[in-house]
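Here the structure comes first, spelled out in structure tokens, and everything after it is commentary.
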Amino acid sequence: MNALRKFAAEYKAAWHLAIEYRLAVLIWMVSMVLPLVMLAGWLSIAEGGPVGRFGRTDFIAYYVAAILVRNLTGVWIIWDLDAAIRHGDMSFMLLKPYNPIIHYVAQSLSAKPLRFIVLLPLIAGVAYFVPGVNFALSPSMLALFFLAIAGSWAMLFLIQYTNGLLSFWISQTIGIADMWFGIFALFSGYLIPLDLFPPALRNALFAMPFRYMASFPIEIFTSHLAVTEILRGLLIQWAWVLVFFVVYRLVWTRGVKQYSAVGA
């Protein structure tokens, strides 16, 4: 309960900051044009007929869902974390009676409600005006969707946070994060639906964590998965969350010792 109170205090401060800079949040949202670029390309190709299981309506539903999922799961804390470690601000954070990760979790989650509210008219408009779009909007499916969203966010957060912790040793963590984003965007389903990959590569990607960072919640929201498939996917997704949490703890424990050893 004590940790929850500390998180609530951090989140309240981060939420007020997000509201104060809501225009910046909106600009960040508008700048996410990659799914729209991919949608335009696929719609042009689909004029000649379906591409795999995707017709024009399927592509619209998929990339609208991709925009929603990316806004609800995206993590952009590495610049602050990298600067905090390299400039010594982490020293002050370590004096607080709780792990600095609580601050960064609150910071990462603070703008999510605002992003969701802004995107609601888009989701409603597409569902109403585009014939054939079938978003999973029943209470039970939305509950499963948001559980998958939580898992996707947790994976992306832990990966980026662990990447940022490498600043304890190196000065190129942002470059690593940029390279990671390229891999994530290509193989997670964020830019290209995994069903459109060659079967051998698609099967390999389904066995890796990438699918559960974007494609999995997109597939749920577009009504592509049965409940049994969703439940199985959630077990796999949260198992990956546990793996990345263990990796984070190992890096954090060694990194703090390294940081203290050099007198930061």
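The values are calculated or read from the model by the stated rules, or taken from the named source; none is laboratory data. Fair warning: this is a prediction, and the values are worked out from it, not measured in the lab. Using ideal geometry, Cβ is built from the backbone for each residue, glycine included, and neighbour counts are taken over all protein chains shown.
When you check I220 against the structure, is it in a helix (DSSP H, G or I), among the aliphatic types (A, V, I, L, M) and in contact with a Phe, Trp or Tyr (Cβ under 6 Å, 6 or more places away or on another chain), yes or no?
yes
Select from segment 237-264 the residues that are at pLDDT 95 or above, farther than 19 Å from T173 by Cα and of a type outside the set (A, V, I, L, M, F, W, C) and list them in ascending order.
Q237
Being of a type in the set (D, E, K, R), buried (at least 16 other Cβ atoms within 10 Å of the Cβ) and in a loop (DSSP other than H, G, I, E, B) is the filter here; which residues of segment 32-82 pass it?
The first filter runs over segment 32-82 and keeps only residues of a type in the set (D, E, K, R), leaving 47, 53, 56, 58, 70, 80, 82.
Right, trim to buried (at least 16 other Cβ atoms within 10 Å of the Cβ) and you get 56, 58, 70, 82.
Hits for segment 32-82: nothing passes.
Residue by residue through segment 223-243, note down the ones that are over 15 Å from the mean Cα position of the chain (by Cα), outside any loop (DSSP other than H, G, I, E, B) and among the aliphatic types (A, V, I, L, M).
Keep residues of segment 223-243 that are over 15 Å from the mean Cα position of the chain (by Cα), which gives 223-236, 239, 242-243.
If we keep only those that are outside any loop (DSSP other than H, G, I, E, B) too, we end up with 227-236, 239, 242-243.
Matches in segment 223-243: V227, I230, L231, L234, L235, I236, A239, L242, V243.
Yes/no matrix, rows are residues, columns are (1) at pLDDT 95 or above; (2) over 16 Å from G74 (Cβ atoms):
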position	(1), (2)
A185	no, no
I192	no, yes
H224	no, yes
I230	yes, yes
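Would you mind telling me which numbered condition in (1) assigned to a helix (DSSP H, G or I); (2) of a type outside the set (A, V, I, L, M); (3) modelled with pLDDT under 95; (4) closer than 30 Å to R86 by Cα S171 fails?
(1) is the only condition that S171 fails.
When you go through (1) at positive phi; (2) at pLDDT 95 or above one by one for L234, which number turns out not to apply?
Among (1) at positive phi; (2) at pLDDT 95 or above, L234 violates only (1).
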